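The values are calculated or read from the model by the stated rules, or taken from the named source; none is laboratory data. All of these numbers come straight from a predicted model, not from anything done at the bench. Methodologically, a virtual Cβ is constructed for each residue, glycine included, from the backbone with ideal geometry; neighbour enumeration extends over all protein chains shown. Surface areas here come from the heavy atoms of the whole protein model, side chains and all, with no ligands, DNA or RNA. Shrake-Rupley method; radii C 1.70, N 1.55, O 1.52, S 1.80 Å.
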Amino acid sequence: MKFFFPDSQDLVDPSFDFDSENRSVDRLRHRDDTYAHEVFTSPAYDGLLVSKGIVDGVSGGGKYTLAQRHRLLRVGARDFFRLDSSPDRLLPIMGDCGAFTYFREEVPPYTVDEVLDFYVECGFNFGVSVDHVILAYQPSWDGPGESLAPQEARNRQALTLQLASEFLTKHRSRHLSFEPLGVAQGWSPNSYAASVSALEKMGYQYIAIGGMVPLKTRDILACLESISSVRHSATRLHLLGVTRTENVEAFQNFGVVSFDSTSPLRQAFKDDKDNYYTMDRTYTAIRIPQVEGNPGLQKRIRAGIVSQERARRLERACLESMKQFDAGECTIDDTLALLSEYEDLYSPGHNHNSVYRQTLTDRPWKHCACDICRRLGYHVILFRGAERNRRRGFHNLWVFYRRLHRELGSLVDGSEISATRQRLPDLFSWDARND
Ligand SMILES: [Zn+2]
């Protein structure tokens, strides 16, 4: 089972000083900042997924500057992501259209030729056909008689299949070297199976299942089970954008060989409580927002409800207290009292004390072997600014990768993660649509 990490230009600045919170004045973002695969000395994912919609910035969701986009197309993805700078990092790259970036449009904003050209220019190893997401999941539309699925859902499924057919035909006539994946869209187990069957008839041997983001594990399993009734044994499946992977062994038994998910990264700074992964549970990160960077607090300061001077003093005191706590120079209760006083200022009526107590009692950052935690220490657990939050996301990717392999009983770096094979707990209660 291969885990592809969807790129969204998440990089960290190695020159960032966590005590002074300053950067090197010489820092050049595109030259000096590092990707997760450059930060770790052992793998955190098996490949990258690059979406045309993210690169192009469809509907304002772009993460690339114009200069970055041009550079990606000019030098190719391997060079752009510096994948070959380390000989054991021959990560494959999969390209797709990023259908979630244009789901509101009536039809996809790209032609098949534009997408094929994009994949060729980037030099991807795998390329996913052009698709259009069906946002509804409604098995009851498949009654005993005629389908009750709305015309729009049926149109999107038919269009996705038509585009997949054109994609494969042109891929063959142009003698392209990347492996093509056809996309199956549906609204129910039966409709997904029908799509997979149609794609197999076209000649696809690797099929991506789209529209998985909002689906619960039992829905994903129901679809995979239905697909298994039509799937040829040689057909491999990829799950596009899953947020739930707690039953990955069952996915594998249904022919899933790969998936992609942004959840481990995003939960580090989007989730209310599951911010820091360990092999057996998650912890809540300790929030110490910057006075200047917190809109709610700034509003209260401007309204004269909160004194700016007091807010700054508490912010500094919380940071200092975490430093002392980490060094064994103050107690959990001392630190919690300050955190609680500060939280009252920036988020009145909320209190994270009970979950913070668990985090501070267990000090999980002290037991993690990843490069981030070893280098960063307690800063990794602070919910504060992109440099810390993104690094905690990288740590989550690294841990997630090891949990995945433990569940599958497979090896990382030539060794088994643990003799005991445990199930992944329901990790992804978080819903990517809230992003
Ligand atoms: Zn770590």
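Observations on the model:
- Every Cα-Cα pair in the chain was counted, and those over 37 Å apart are 30% of them.
- Placing K170, K52 in order of accessible area, with the largest value first and a 1.4 Å probe, yields K170, K52.
- Label separation (D272 vs D113): 5.1 nm, computed from points 7 Å beyond Cα along the C-beta direction.
- Pairs of Cα atoms nearer than 8 Å and 6+ residues apart set the relative contact order; for the chain it is 15 percent.
- Degrees separating the helix 66-75 axis from the principal Cα axis of the chain, which is the longest one: 60
- C-alpha long axis of helix 112-122 to longest principal axis of the chain, angle in °: 50
- Only Cα sites of region 55-187 enter the Debye sum here, all with the same form factor; the resulting log10 I(q)/I(0) across q = 0.13 1/Å is -0.64, listed in q order.
- Shape annotation for region 262-318: C-alpha extents along the principal axes are 44, 23, 13 Å, from largest to smallest.
- Gyration tensor (Cα) of region 230-333, equivalent ellipsoid semi-axes in angstrom: 45, 19, 8
- The stretch between Q9 and D46 holds 11.6 nm of extra length on full extension. This uses 0.36 nm per residue minus the Cα-Cα distance.
- The C-alpha atoms of the chain define a longest principal axis, and helix 151-173 lies at about 80 degrees to it.
- The residues E249, E407, sorted by heavy-atom accessible surface at 1.4 Å with ligands and nucleic acids left out, run E249, E407 from largest to smallest.
- Rounded percent of accessible protein surface that carbon and sulfur make up, the chain, 1.4 Å probe: 49
- Gyration tensor analysis over the Cα atoms of region 146-243 returns equivalent ellipsoid semi-axes of 22, 16, 12 Å (largest first, whole Å).
- When the alpha carbon gyration tensor of region 33-128 is reduced to an equivalent ellipsoid, the three semi-axes, largest first, read 25, 14, 13 Å.
- Region 314-421: relative contact order in percent, alpha carbon pairs under 8 Å with at least 6 residues between: 14
- Choice from P43, P92, P180 showing the highest fluctuation, given a GNM over the chain with Cα pairs closer than 10 Å: P92
- Long-range tail of P(r) for region 112-176 (Cα pairs > 17 Å, %): 51
- The gain in end-to-end length when the L90 to L176 segment is fully stretched comes to 28.9 nm, 0.36 nm per residue minus the alpha carbon separation.
- Residue-normalised accessible area of region 134-199, expressed per residue, 1.4 Å probe, Å²: 46
- For the chain, built as a Gaussian network whose Cα springs stay under 10 Å, the top-fluctuating residue of R302, R218, R156: R302
- Cysteines in the chain lacking a second Cys C-beta under 4.7 Å: C97, C122, C223, C318, C330, C370
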